[in-house]
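Inspection log for the structure reproduced underneath, given as structure tokens.
The values are calculated or read from the model by the stated rules, or taken from the named source; none is laboratory data. Please read all numbers here as calculations on a predicted model, not as lab measurements. In this analysis, Cβ positions are derived from the backbone assuming ideal geometry, glycine residues included, and neighbour counts consider all displayed protein chains. Just the protein is used for accessible areas: all its heavy atoms, side chains included, with ligands, DNA and RNA removed. Shrake-Rupley method; radii C 1.70, N 1.55, O 1.52, S 1.80 Å.
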Amino acid sequence: MKPVILFAGGVTRWPHWEGPLRAALHDAQIDADLVTTAAPETVDYILYAPGGDTPPDFTPFTRCKAVLSLWAGVERIVGNPTLTQPLCRMVDPGLTQGMVEYVTGHVLRSHLGIDALLSSQNGRWNPVVPPLASERPVAMLGLGALGTACAKALAGLGFPVLGWSRRARDVSGIACLHGDAGLRAALRQAQIVVTLLPSTPETENTLNAETLSLLPRGAALINPGRGTLIDDDALLAALASGRVGHATLDVFRVEPLPPDHPFWAHPRITVTPHVAADTRPSSAARALAENIRRGLAGEALLHVVDRTAGY
């Protein structure tokens with residue numbers, strides 16, 4: 001009997017996902033929430049992203065064995081009181097590679113001073129030589145799948161990487177710190193900070209007036225994680241004082257970022273429109289198919305969310 005899978009990811013996403021999902025799950029019945037013929041009590045797995053029409057009320061899906069998120073972040077679903085099924089995060093090689101490319105690209109941009117070089121090309125020969133990567137400590141705040149992959153990529157380029165997480169981690173080649181004391185130690189040393197923490201009540205405003213003040217003067221900040229990780233007003237104040245030299249921001253508390261937000265016009269903020277690591281259906285469909293295969297075979301699901309931790 002074919003498993004029944006419901007794509008609950010929204011009208012605009014379905015055309016991009018339909019082909020890859022049908023190719024990866026050719027032995028399954030796949031319905032979309034906008035055209036579904038499946039009764040809720042017959043659905044075995046739900047593929048979910050905010051914007052779908054069927055959830056967020058999961059109560060009718062009494063046979064559903066798991067909800068598989070199409071996104072790496074699950075903060076908009078993990079607290080849903082009707083969700084009693086296991087919830088799995090999206091961990092996908094394409095998403096990971098996209099994040100690694102974004103982070104390494106912008107770390108190198110900051111490290112090499114490319115913005116300053118481009119803005120000073122006015123006929124003056126000004127040979128400013130940057131330090132080597134080995135002389136530029138980078139703090140990676142967050143050592144989940146994405147943070148670990150980025151930390152290893154940066155270490156491979158020669159950067160001394162200080163990895164920080166709320167709980168203790170052990171990552172080969174990375175100096176791992178944890179807890180409040182570890183965060184402060186990492187920030188005091190870091191000339192470049194990358195934030196890849198999940199959005200939870202515990203991580204909100206991890207970078208605030210107090211913690212930003214610990215940074216070496218002129219440090220660069222790159223946030224492709226979540227907008228709630230940084231106190232916006234504290235960041236603007238740190239930029240004004242020179243404590244932060246430049247911030248590259250891909251995520252925001254309100255998205256799209258409102259046109260009148262001060263980040264847009266700030267000379268030392270680069271805004272990118274939440275493009276650091278999009279879920280690519282071609283590779284993500286295969287990751288979903290593997291988790292469904294595991295569930296059907298009675299094997300443990302991958303990347304199950306810890307509801308108490310929020311990720």
Taking the conditions exactly as written (in contact with a helix residue (DSSP H, G or I) (Cβ under 6 Å, 6 or more places away or on another chain), over 15 Å from LEU221 (Cα atoms) and either surrounded by fewer than 23 Cβ atoms within 10 Å (Cβ to Cβ) or at pLDDT below 95 (or both)), does SER199 satisfy them or not? yes
Criterion first (free of Cβ contacts under 8 Å to residues at least 24 places away in the same chain and either over 20 Å from ALA297 (Cβ atoms) or outside any loop (DSSP other than H, G, I, E, B) (or both)) does LEU47 satisfy it? no
Looking at ALA186, is it open to solvent by less than 10 Å² (accessible area, probe 1.4 Å), at pLDDT 95 or above and either of a type in the set (Phe, Trp, Tyr) or under 16 Å from GLU135 (Cα atoms) (or both)? yes
Identify all residues within the range 28-38 that are more than 28 Å from the chain's Cα centre (by Cα) and at pLDDT 90 or above; write none if there are none. ALA28, GLN29
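Does ARG268 satisfy being buried (at least 17 other Cβ atoms within 10 Å of the Cβ) and closer than 18 Å to LEU212 by Cα? Please lay out each step first, then the result.
Working: buried (at least 17 other Cβ atoms within 10 Å of the Cβ): no; closer than 18 Å to LEU212 by Cα: yes.
Judged against the criteria, ARG268 is not a match.
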For the range 114-151: of the residues being among the aliphatic types (A, V, I, L, M), touching a residue at least 24 places away in the same chain (Cβ under 8 Å) and more than 20 Å from TYR311 (Cβ to Cβ), which is most open to solvent (accessible area, probe 1.4 Å)? LEU132
For the range 229-265, which positions are β-branched (Val, Ile, Thr), buried (at least 20 other Cβ atoms within 10 Å of the Cβ) and farther than 18 Å from GLN191 by Cα? VAL251
Leading residue by the ranking (farthest from THR148 (Cα to Cα)) among those in the range 88-129 that are among the small types (Gly, Ala, Ser), part of a helix (DSSP H, G or I) and modelled with pLDDT under 90: SER119
So, LEU154, is that one surrounded by 16 or more Cβ atoms within 10 Å (Cβ to Cβ) and under 28 Å from ARG307 (Cα atoms) or not? no
Residue pairs within 7 Å by beta carbon, gap of at least six or interchain, first lying in the range 16-29 and over 17 Å from ASP278 (Cα atoms) and of a type in the set (Phe, Trp, Tyr), second surrounded by 18 or more Cβ atoms within 10 Å (Cβ to Cβ) and modelled with pLDDT of 90 or more, listed first then second, are none
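Only one residue in THR59, THR12 is under 16 Å from THR279 (Cα atoms), β-branched (Val, Ile, Thr) and either modelled with pLDDT under 95 or surrounded by 14 or more Cβ atoms within 10 Å (Cβ to Cβ) (or both). Which one? Reasoning before the result, please.
Values: THR59 fails: under 16 Å from THR279 (Cα atoms).
Result of the check over THR59, THR12: THR12.
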